[in-house]
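Below is one structure, written out as structure tokens; the observations come after it.
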Amino acid sequence: MKFAENNNQAAEYLRQAVPLMVKHNIPPNPLNYALWYTYVSDRVPELNVQLDKTLTTYGTCPTMLSEQLFREHMIKDEIQGAEDIQSNLISLINNLHEHAGDVAQESASFSNVLEDSLDSLRESEDGDPSLPVETVINTLSTHTKKMSETTRLFQERMDEAQAEIQSLKEELTKTRQDARVDPLTNLFNRRTFDAELEMLTGSNQNITSSFVLVDVDHFKRFNDTYGHLMGDKVLQYVGKLLKDACPEPMIPVRYGGEEFAVLMPGSTRETAAKLAEDIRAKIQAIRIKQKKSGEVISSITASFGVSQLVEGENAEKLIERTDKALYQAKESGRNRVIVS
């Protein structure tokens, strides 16, 4: 994205952006400066709509969402990042340059044929033809077909290049996401969770928010009995259940090992408890059939701890309270939801 404002206008936008960032507890990093500069300039209406929704939900703009909005609205048409992607792009450009050179050479040759043909036709009109008219026409026809074929091949290369560029963009997006996503379950990982929870508890907007911790019951025993591959399948099932049951602005994550978590900005503990109970029932209903033995495994359950963020509470305290509720759920028989 290009910024074409003059110095005075740019300074005015910055004067408007900085107080907004301070008001909503936005970290003062270059990415956020660019995001909020664009917001106050109102040059990308879609970005403003998304930021307004985010502020309504969180009272701030969490780091993860800031990065996502920056990618989607600020640099969506640019390719940069991993060295292998850059190398592929350079190779692609070199390849196109080579084919463009072929087209240019063929065009120059065709231009020469046209000039020679016109000269021959002029001589024919003057009564002193160097070549018969029929020969001139045949030569033009042959070179026209050749030029047309060269152009067609170059268009094919352009189409292939466009497809490859799209593939590189998708690969770049995936590379950026890998650092935040658990590869087994495709949920956000603990690193993302920690950053989002710090942002949520650090907000001065006092947005009602809740937190759910999930622990798959007797998972070590399950692994020992059925093997790690079956254990991984269980984690994938649970991850999919959480992803399907937790639309934005909820943030489901793989907390670590057999533990999962859900951040629920804008939700009360009653809402969180109901969600946890729904997920608990769905996990209990999981049936996995072993390919070798044909045995159907139906002993999968999970325990849940639920809490609501208390005004002024930090991330560590919230986790501690929720973890105690989870521990109580396991101590009182597992496969249940306990609210802090």
Discussion item. Taking the conditions exactly as written (open to solvent by 50 Å² or more (accessible area, probe 1.4 Å) and modelled with pLDDT of 85 or more), does ASP42 satisfy them or not?
Written reply: yes
Worksheet item: Can you name every residue in segment 218-268 that is acidic (Asp, Glu) and touching a strand residue (DSSP E or B) at 6+ places or on another chain (Cβ under 6 Å)?
Response: GLU258, GLU259
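Could you name every one of the strands (runs of 3 or more DSSP E) located completely within segment 199-292 that has at least 2 residues being under 21 Å from the mean Cα position of the chain (by Cα)?
Here the list reads 251-256, 259-265.
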Worksheet item: Can we say ILE319 is out of contact with any strand residue (DSSP E or B) (no Cβ under 6 Å at 6 or more places or on another chain), more than 19 Å from HIS218 (Cα to Cα) and among the hydrophobic types (A, V, I, L, M, F, W, C)?
Response: yes
Worksheet item: Just one of the numbered conditions (1) more than 15 Å from VAL216 (Cα to Cα); (2) among the β-branched types (Val, Ile, Thr); (3) in contact with a helix residue (DSSP H, G or I) (Cβ under 6 Å, 6 or more places away or on another chain) is not true of VAL310; which one?
Response: (3)
Item to complete: Report the residue count in segment 288-340 for those that are of a type in the set (S, T, N, Q), buried (at least 20 other Cβ atoms within 10 Å of the Cβ) and over 19 Å from MET264 (Cα atoms).
Response: 0
Item to complete: Could you tell me which residue of segment 1-26 is surrounded by the fewest Cβ atoms within 10 Å (Cβ to Cβ), considering only residues that are at pLDDT 85 or above and outside any helix (DSSP H, G or I)?
Response: ASN25
Item to complete: Considering only segment 224-248, state which residues are surrounded by fewer than 19 Cβ atoms within 10 Å (Cβ to Cβ) and in contact (Cβ under 8 Å) with a residue 40 or more places away in the chain.
Response: TYR226, MET230, ASP232, LYS233, GLN236, TYR237, LYS240, LYS243
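The values are calculated or read from the model by the stated rules, or taken from the named source; none is laboratory data. Predicted model, so just to flag it, every value in this text is computed and none were measured. Here the Cβ is made from the backbone with ideal geometry for all residues, glycine too, and neighbour counts use every protein chain on show. The accessibility values were calculated without ligands, DNA or RNA, using every heavy atom of the protein model including side chains. Shrake-Rupley method; radii C 1.70, N 1.55, O 1.52, S 1.80 Å.
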